[in-house]
Amino acid sequence: MLTDLIVSRVRVKLLEIFLYKPQEIYYVRQLVREIDEEINAVRRELLRMEKFGMVKKEVRGNRLYYGFNSEYVLYADLLSLINKSVGLGGQIIRLKNKLGRIRFAVMSGRFIRHLPTKEGRVDLLLVGEIALPELAKIIREEEVKIGKEINYSVMTKDEFDFRKKRRDPFLNSILSNSRIMLLGDEEELTA
């Protein structure tokens, strides 16, 4: 998907690495191994990304580390794009037909930034007629990959509308905090 927008294959891979785990920093050879590209291509792309202000670098010992600059003007937009193409978000979008008739799929901003989930909050909300066994399989696979439990909630459209109308605190907490829409219209979600 990202290759439709970004022509550099190496940059796409670097963005996926940096923004899938935005708190992480990487040294050059580590990035080369992770994305399976030539070291000179990775260095060239890192220099370009640094020039644009996308990445920051720091020296630790005898290694040069790179991390994504969270103050980059398009940071939130790129974070959203990456999380729609890799990981749990990418899986949900790719397998949406297998998962049933999804009206809305929303991931919390804390989850995509790999921050701890606050008490009583969810990482993922799905609204519609969902095939729960298929969803549970996808969730379990992602939990193994990231090494932590994923809190999720599934509602029918009727239940969602009823809870929204009643100003349910649980639903309001989801709608009032940072999030990315995987599927569905955000205007319709919050109206």
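Couple of notes before you dig in:
- Of all the residues in region 134-169, those that are among the β-branched types (Val, Ile, Thr) and buried (at least 16 other Cβ atoms within 10 Å of the Cβ) number 4.
- The helices (runs of 4 or more DSSP H) found entirely in region 1-91 that carry 2 or more residues being more than 24 Å from ARG179 (Cβ to Cβ) are 9-20, 28-35, 39-51.
- The listed residue being in contact with a Phe, Trp or Tyr (Cβ under 6 Å, 6 or more places away or on another chain) and at pLDDT below 90, out of LEU189, LEU124, LEU115, LEU175: LEU189
- Residue identified as more than 15 Å from LEU95 (Cβ to Cβ) and surrounded by 13 or more Cβ atoms within 10 Å (Cβ to Cβ) among ASN172, ASN177: ASN172
- Filtering region 71-105 to residues that are aromatic (Phe, Trp, Tyr) and more than 26 Å from GLU159 (Cβ to Cβ) leaves TYR72, TYR75.
The values are calculated or read from the model by the stated rules, or taken from the named source; none is laboratory data. In this text the structure is predicted, and so the values were computed from the model without any measurement. We place every Cβ from the backbone using ideal geometry, glycine too, and count neighbours over all the protein chains shown.
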